[in-house]
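Let me begin by presenting the structure, written as structure tokens, before commenting on it.
The values are calculated or read from the model by the stated rules, or taken from the named source; none is laboratory data. These numbers were taken from a predicted model, which means no experiment stands behind them. A quick note on method: Cβ atoms are made from the backbone with ideal geometry, for glycine too, and the neighbour counts reach across all protein chains shown.
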Amino acid sequence: MRRLGVACISVLLTSAAYGQGVLPSIEQQASGAQTASNVIDIGRLESLTDTYMSQMLNFASTGNLSQIGSNAVNTITYGGDLDSVVQHFDGEQSVGNLLALGAVDIYGEINQSGKNVAGSVISNRLVYAGQLFEGQQLVLNSAELAILYGSVGQSGLNLANYAEAALAIGTAEQQILQEAVQQIDNRLQVAAMSAVSSAISQRGENFGNIMISDTVDSVTRNFAGEQRVHNVVQLGEGGAGPITQHGANVANFIMSSRIGSLTQNSEGTQSVTNEVFDAQGNAMKGGNISQTSEDSVNVIILTKPAEGGDSAVIEVAQNADFPQSSSSNGGGSQTGNSLTVNR
């Protein structure tokens with residue numbers, strides 16, 4: 001297993017570093033590329049034929065195999081109060097996990113996972129937050145297997161513009177521009193005459209413009225980018241055990257007990273595609289295949305204040321004008337301009 005170019009630009013602050021009444025202000029800007037790459041190549045499937053596949057296999061290979069990659073840029077964790085935080089990222093974060101075991105017989109579990117985080121601040125109080133994301137976050141998990149007597153798990157997570165304060169956020173702006181992309185691809189292919197005896201799980205989640213705080217005074221947010229999840233399984237003649245595929249895209253999400261004014265606009269694109277094919281390339285549905293998807297924009301969750309109920313007036317302006325699409329066999333949901341009150 002090999003990991004290349006994993007990078008992290010972050011700030012970890014302690015309250016003792018600042019005197020009474022002086023709040024720190026932080027500005028973070030980053031561009032360029034962060035790349036995490038894990039590659040194991042012991043023969044691609046195109047080199048196999050059913051007539052001599054058994055001669056090529058190494059039946060002595062057993063055990064579990066994991067490929068994990070992560071990138072983080074512009075992250076802040078602080079237990080005290082912050083004055084101003086400005087974060088801007090216009091580069092590319094990519095995680096690539098490639099596994100080609102065309103000449104190996106595996107008796108264990110295979111796990112591939114990737115995670116990208118750009119623009120994250122966690123503190124006690126936050127007077128002002130300005131987060132701008134116009135880059136790309138990409139996760140690719142790809143596995144080509146000859147024979148597997150075990151399970152396969154592939155997962156990806158992209159997170160951009162995350163702000164959390166335990167007590168309060170004053171004024172905040174979160175922007176995801178049109179050029180921004182959050183994409184997760186999970187791909188699994190087994191040889192034509194092979195079978196996967198245990199479960200297959202594929203999961204992809206994209207989150208953009210997320211805010212959590214007890215009190216939020218004034219927030220303006222815009223989502224104009226793309227969030228995409230694509231899960232695909234190519235089976236052999238032998239079929240497989242249970243297959244679970246899930247994709248989720250969430251943009252402009254806020255959870256708070258008190259919100260002064262909130263303006264949210266969404267003009268981007270969200271899509272989830274879940275696909276399973278047999279050895280002949282025909283789409284498979286039903287049976288032991290579970291496919292679910294969730295697309296959500298402009299979501300408000302009002303929680304109960306610590307001291308009890310609250311009758312304060314909330315000023316909200318929301319606009320959602322963009323396509324949402326999903327291709328799944330099973331549960332799927334698409335939500336825009338949603339308000340949930342838990343009091």
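Some observations on this one:
- Condition met for N231 (within 26 Å of G96 (Cα to Cα) and under 21 Å from the mean Cα position of the chain (by Cα)): yes
- Selected residue [crowded, with 19+ Cβ neighbours inside 10 Å, free of Cβ contacts under 8 Å to residues at least 60 places away in the same chain and in contact with a Gly (Cβ under 8 Å, 6 or more places away or on another chain)] from L157, L235: L157
- Conditions (1) closer than 15 Å to I40 by Cα; (2) charged (D, E, K, R); (3) under 18 Å from the mean Cα position of the chain (by Cα); number of the one not met by K115: (1)
- Count - residues of region 204-214 that are more than 23 Å from I176 (Cα to Cα) and either β-branched (V, I, T) or within 15 Å of the chain's Cα centre (by Cα) (or both): 0
- Checked against (1) over 23 Å from the mean Cα position of the chain (by Cα); (2) over 22 Å from I42 (Cα atoms), A146 passes all but condition (2).
- Count of residues meeting criterion [surrounded by fewer than 21 Cβ atoms within 10 Å (Cβ to Cβ), modelled with pLDDT under 95 and of a type in the set (S, T, N, Q)] in region 243-258: 1
- Among the residues making up region 17-32, those that are modelled with pLDDT under 85 and among the small types (G, A, S) are A17, G19, G21.
- Every condition in (1) closer than 30 Å to A199 by Cα; (2) part of a strand (DSSP E or B); (3) modelled with pLDDT under 95; (4) of a type in the set (A, V, I, L, M) is met by A279 except one, and the failing one is (2).
Conditions (1) of a type in the set (S, T, Y); (2) closer than 16 Å to N111 by Cβ, marked per residue:
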{"site": "F133", "(1), (2)": "no, no"}
{"site": "V152", "(1), (2)": "no, yes"}
{"site": "S155", "(1), (2)": "yes, yes"}
{"site": "Q174", "(1), (2)": "no, no"}
{"site": "V181", "(1), (2)": "no, no"}
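- From A168, A191, A172, residue being surrounded by fewer than 20 Cβ atoms within 10 Å (Cβ to Cβ) and touching a strand residue (DSSP E or B) at 6+ places or on another chain (Cβ under 6 Å): A168
- Filtered residues of region 160-182 (kept if more than 18 Å from I212 (Cα to Cα) and either part of a strand (DSSP E or B) or among the aromatic types (F, W, Y) (or both)): V181, Q182
- Enumeration of residues in region 99-147 that are within 30 Å of G236 (Cβ to Cβ), among the hydrophobic types (A, V, I, L, M, F, W, C), surrounded by fewer than 24 Cβ atoms within 10 Å (Cβ to Cβ) and modelled with pLDDT of 95 or more: L138, L140
- Filter result for G43 (touching a helix residue (DSSP H, G or I) at 6+ places or on another chain (Cβ under 8 Å), farther than 21 Å from E134 by Cβ and modelled with pLDDT under 75): yes
- Single residue of Q189, Q202, Q227, Q245 found to be more than 22 Å from A146 (Cα to Cα) and in a strand (DSSP E or B): Q227
- Residues considered: S261, S266, S213, S218. Of these, the only one that is in contact (Cβ under 8 Å) with a residue 24 or more places away in the chain, within 17 Å of L302 (Cα to Cα) and buried (at least 20 other Cβ atoms within 10 Å of the Cβ) is S213.
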